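Visitor: Once you've had a glance at the structure underneath, I'll fire off some questions.
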Amino acid sequence: MKRTYEKERVAALSAGLAIIVLAWTGAQAFVSDWINSLGVSSVWLYGPISAAAWGLLSAISYILIIGAQRRNPALCPEQEEVTRELRRKTCELTKVPKCIEYVDEIERDKLGALMAGFAVTIAAWLALLSFAPPGLLDGIVSTSPWIYSLASMVVWWGSAEFMYWNFRRGRQHRSSITNAH
């Protein structure tokens, strides 16, 4: 089994996103005059800049995570996989490998749902800010950034839960089709 660095990539993307969200929230909280001096520019200006910063910070986080794993063998996921493979080979129960595969499927569905929920959240903000009437944007600027953070978390959580339910339902539907034939 070849090792994929999916967990590390998701952790790095999450760290990069957290830094960007905290930076924007902190900027709005502590240097709101400077942000207001930038004027009301299009989300098409701030969006790509934030996305590029997110990508850069995620890449740096990924490098730091992989570096930490190489320096400390206890953090190395290859050890976890070797242990899992040894347990699979020595286990006489036929149900355990299927259980491990099921847990892996659930973990993939959870990670996929988190990323899909994030995509829905960002797409919703882009749509709202791009197509909203100017009067609504004036109201948004005068509102506390903490409300946006909370709203974003609620949308992300809700859409991630919905996506997870959808992924699990789709997987169960596919497995019932293949078992029927």
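Visitor: Go ahead and run the numbers for FRET between residue 115 and residue 34, Cβ-Cβ distance against an R0 of 41 Å, rounding to 0.05.
Guide: 0.80
Visitor: Ignoring everything but the protein chains, give the 1.4 Å probe accessible area of residue 149 in square angstrom, nearest 10.
Guide: Surface accessible to solvent at residue 149 totals approximately 20 Å².
Visitor: To the nearest 0.05, what FRET efficiency results for residue 105 and residue 126 with a Förster distance of 41 Å applied to their C-beta separation? List each step's numbers first, then the result.
Guide: Details: r = 31 Å, r/R0 = 0.76.
Efficiency computed from Cβ-Cβ geometry: 0.85.
Visitor: Between residue 138 and residue 56, what FRET efficiency follows from the Cβ-Cβ distance if R0 is 35 Å, with the result rounded to 0.05?
Guide: On the way: r = 32 Å, r/R0 = 0.91.
Efficiency, rounded to the nearest 0.05: 0.65.
Visitor: For residue 154 and residue 166, compute 0.36 nm times the residue count separating them, minus their Cα-Cα distance, and round to one decimal in nm. Don't skip to the answer; put the middle values down first.
Guide: Numbers: separation 12, 0.36 × 12 = 4.32 nm, distance 1.81 nm.
Answer, rounded to one decimal: 2.5 nm.
The values are calculated or read from the model by the stated rules, or taken from the named source; none is laboratory data. What you see is a predicted model, and the numbers here were worked out from it, not measured in a lab. FYI the Cβ positions are ideal-geometry reconstructions off the backbone, even for glycines, and counts take in every protein chain you see. Only protein heavy atoms, including side chains, enter the accessible area calculation; ligands, DNA and RNA are left aside. Shrake-Rupley method; radii C 1.70, N 1.55, O 1.52, S 1.80 Å.
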